[in-house]
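Here's the structure we're looking at; comments come further down.
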């Protein structure tokens, strides 16, 4: 573990990314305390104002402070990002492990299930689910989660297959270890690392997904803000009110970028080739 | 002077006027172009619309293009820019003393492009088709006043039993109604006939292909390239009294809501913004306002007299309590919303009928629901929810196809006002259109924002949708009775009075909270000109409803002026 | 191996059946139908007739079996939104549009992506590297619908160089491809750079250099080939992805492709179209996975098939 941190710290971008993400998370958790206004506080006199001292990011069409809404938007995005990945890992990893480890019929049927899920490519299936379930935060998380576990499952399966074929696993088997021992103590620790990297990349994907769904009209209910919805709303105001779209787009970009930095850093730091196998 | 001299003078004048020096340019249908018109090849109008499945009213109302419709047939009457009915396929009409039988005398000059004349048979065929439940027409609720219509639609009598029949000769059409309906000619705006012959030969979609399409209207189908565009060409043999100027109309497919304005700015289309699918966003309006050229091209009108309102489920708590509904009504500052959010695109609504609509009564209704947060709080407390305590959290549904940025902003503002004045938590959800209507029509929607625009200019249409058998979960027996009786009255003064009383009940009993009337604006290029684009009898310059549809006279008076050459069209 | 392929194809059939079953179920769970009641409710009898006209009045299982039976005979029904043609002809008309955009995007993103990736690997920490990183960042952090709208505003509305949308001429391809290829290019460039750098660190490179081989030969004859092999794993999933198109781009630029029709079909409850498109996508992905799995096996002999 200490080695991991040491290698990670060498990557300046990764450190920077981690730092920024931490700030965003803190802002999101303490949004109520940090925000200068309430996110649904309207002011029909000072609407559509450009950035100023009173409103650093400007105000929207009904006078709500944009900076406050960006901070609360971070909360929405992070909740979506993490929840979706939790669902994706919760479904994808066990299925991938089972498929890779046991092979045979188990693998066959799980792979078919994976293929059925890919028949409904992410966004399109999410659209379906949203029309069926209706809008709302929980439904977005469900829709995105259900369409995100496939990637993790495939990687888990591939890595499991790869590791299963390694000599050290054969050695442990020869020593008479039980299946569950092999699964949990041998294979799992070695695949956790690529999984973590995938999760790191999957969070921004989920945030993007929420933005896309909002763009298509399946966002969360107002007045709770989300960056995706703010971007979609800003598209009607692009000519003349640049700040309505600029800040949410920038926030989204920075967040996604930093998650990518962190994921890259983790990938390097957790590279098993640097440490040798754990048996 | 001697007679011979006068005759020679006349002949001389006639000869001179026929010579090239005096003759004006005629288009392919024979109409003389105005002096400032551009050369014939420029007489093309370009618009944008959603993709269409059909162009015919009686095949499907909702699956047509947004505005470029009803060119292939001659309706019985048309609407001019002063919202007056003018003769079209029907040269004249008369009504029996008891008000139940209408006789329309058809213009014998109108022929289909396959040579057959337009006769009463085509109208009878079209109406019977629409009434036939097997045809599955999506506007089947519309012609209720016609005798036996509702029964036919329900399958209780055959479609041939409806009160639309040929009269004493093939050019006479007789329509009988269930009750006296003085607005029937107005309803006959929607009577663009199908060709019985073509339908029987080629089926319902005969107008989708230039090879099988027949028209007796001002235009014929020249091209229908799926996913791309529809091109209408002028009907050389059009038999109507007034022929159009435009040689061609090109309809490009797209999503007007997002693309029309940009296409207009880029010079790809000539008109935009006149239909409900093309409402300008506040940013678009800013762009227009700041640009002096664009500002001159922007004209506002009545649109389809559309009113936006909040609705409730009045059959269940908490909204079954009138005090709760009135509390909500008094807690919303309509003026502020219109001044800051809706701005140019609407005016405050005090009742359901927009000023300008027959029978509207803004003065009489103005003071019933005023912005009064104190009174609102008091009423809510009386109803058992002091400061909103115990009141369920609300989810306001907004119909997706109406949820332009302006409307969503207004919805959010209303939610914030309710929170501030009443302490009630309101969420705003944009609901997909079919899901929304499904719930609304089933009376399952608790709290929602929606709008309605008129179908024909009579109180029985607008107020008629509020009767308890309609889409709203609100019932008021006196209202139902007044509307039903007034709709069937011939005495104009009395029916106007009864409708006024009915609207008052609607406002007092808070069937809905009426927020604003839409005053949509349209943009058209400086080289698009025409009599109907000039001020109407109220002095208003606008692209009046129904826009460029074939059931309005506007499309007949539009032409392209020489200025187009400056724009490199 | 042959046995494996046969079993996989059988599996694909099962996948298709399952996918269509799920689709049918979802379709009927979603409220609304292929009719509009925007103003007033339709009389119940008329609704019943409309449903009958579309064959939607029968129980779901019966509808499903009828559909499968007809599909086996090549009849996929008539799209509700375009009743004058069949589902197959509509897809046949509409899919090539998406394929065109997809094909050009793949070509562009792979060539440019590989180039940029190698460049930044070889010239680490120079301005090229930073430029590439910035572009890559833009491609992956700004949603492509935002990029699409920006492009339209700049090139169509302001500069008037290109049309705001539509289809039919080469000029209609430019903006959609521009908006679409940024993200894949970024991903590829990054991937290539990482792999390239990894290869450069390997022992055999040191050996080759020690042997005195010119740098050029080292790079182009050895590293190049080894670094690019993993790209196949990237290419695999990208192809069906781009072959089915992006809903945003097609809707924004009014491109009449598969993505846009999926969107309109969902909203219009055009059931035959939806089911047909899902089946198409299922087949595409099934075949893609089969091919990539076979390629994996060929490359890495450690992976066995049971």
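Observations on the structure shown:
- Meets criteria (within 24 Å of residue A:22 (Cα to Cα) and part of a helix (DSSP H, G or I)) for residue A:127: no
- Residue count for the stretch C:93-111, restricted to those that are surrounded by fewer than 19 Cβ atoms within 10 Å (Cβ to Cβ), more than 30 Å from residue B:53 (Cα to Cα) and over 13 Å from the mean Cα position of the chain (by Cα): 3
- Restricting attention to the stretch A:154-177, the residues that are within 12 Å of another protein chain (Cβ to nearest Cβ) and within 12 Å of residue A:93 (Cβ to Cβ) total 5.
- Within the stretch A:51-67, residues that are within 11 Å of another protein chain (Cβ to nearest Cβ) have Cβ atoms under 7 Å from residues that are surrounded by 24 or more Cβ atoms within 10 Å (Cβ to Cβ) and in a loop (DSSP other than H, G, I, E, B) in these pairs: A:62/A:42; A:63/A:42; A:64/A:42, counting only partners at least 6 apart in sequence or on another chain.
- Residue match in the stretch B:515-531 (condition: over 23 Å from the mean Cα position of the chain (by Cα) and modelled with pLDDT of 90 or more): yes
- Tally, over the stretch B:341-352, of residues that are out of contact with any strand residue (DSSP E or B) (no Cβ under 8 Å at 6 or more places or on another chain) and crowded, with 23+ Cβ neighbours inside 10 Å: 1
- Residue within the stretch C:218-237 that is touching a helix residue (DSSP H, G or I) at 6+ places or on another chain (Cβ under 9 Å), at the interface with another protein chain (Cβ under 10 Å from one of its Cβ atoms) and under 21 Å from residue C:144 (Cβ atoms) present: yes
- Taking (1) under 21 Å from residue B:138 (Cβ atoms); (2) under 20 Å from the mean Cα position of the chain (by Cα) in turn, residue B:439 satisfies each apart from (2).
- Residue within the stretch B:219-241 that is free of Cβ contacts under 8 Å to residues at least 60 places away in the same chain, in a helix (DSSP H, G or I) and within 23 Å of the chain's Cα centre (by Cα) present: no
- Unmet requirement for residue C:213, which otherwise passes all of (1) more than 14 Å from chain B (Cβ to nearest Cβ); (2) in a helix (DSSP H, G or I); (3) modelled with pLDDT under 80: (2)
- Test: residue in the stretch B:67-87 that is within 14 Å of another protein chain (Cβ to nearest Cβ) and either part of a loop (DSSP other than H, G, I, E, B) or over 30 Å from residue B:537 (Cβ atoms) (or both): no
- Residue selected from the stretch C:240-250 under the condition modelled with pLDDT of 80 or more and more than 10 Å from chain A (Cβ to nearest Cβ), by the criterion nearest to residue C:191 (Cα to Cα): C:249
- Among the residues making up the stretch B:274-300, a single one is within 14 Å of chain A (Cβ to nearest Cβ) and under 30 Å from residue B:233 (Cβ atoms): B:278.
- Residue list for the stretch C:69-92, restricted to those being outside any loop (DSSP other than H, G, I, E, B) and surrounded by 14 or more Cβ atoms within 10 Å (Cβ to Cβ): C:71, C:87, C:88, C:89, C:90, C:91
- Residues satisfying the stated conditions in the stretch B:411-425, i.e. more than 8 Å from chain A (Cβ to nearest Cβ) and touching a strand residue (DSSP E or B) at 6+ places or on another chain (Cβ under 8 Å): B:414, B:418, B:424, B:425
- Some residue of the stretch C:162-171 being modelled with pLDDT of 80 or more, within 17 Å of the chain's Cα centre (by Cα) and more than 14 Å from chain A (Cβ to nearest Cβ): no
- If you go through the stretch A:91-123 and keep only what is more than 14 Å from chain C (Cβ to nearest Cβ) and without any contact (Cβ under 8 Å) to a residue 24 or more places away in the chain, you end up with just A:94.
- Test for residue B:343: is it in the same structural domain as residue B:468 (by TED's automatic domain parsing), in a helix (DSSP H, G or I) and touching a residue at least 24 places away in the same chain (Cβ under 8 Å): yes
- Hey, residue B:216 surrounded by 20 or more Cβ atoms within 10 Å (Cβ to Cβ) and away from chain C (no Cβ under 14 Å) or not: yes
- Conditions (1) touching a helix residue (DSSP H, G or I) at 6+ places or on another chain (Cβ under 7 Å); (2) crowded, with 18+ Cβ neighbours inside 10 Å; number of the one not met by residue C:18: (2)
- Looking only at the stretch B:432-458, and only at residues there that are closer than 30 Å to residue B:82 by Cβ and in contact with a strand residue (DSSP E or B) (Cβ under 8 Å, 6 or more places away or on another chain), the one that is nearest to the other protein chains (Cβ to nearest Cβ): B:452
The values are calculated or read from the model by the stated rules, or taken from the named source; none is laboratory data. Since this is a predicted model, take the numbers as computed values, not measurements. Cβ coordinates were reconstructed from backbone atoms using ideal geometry, including for glycine residues, and neighbour counts include every protein chain displayed.
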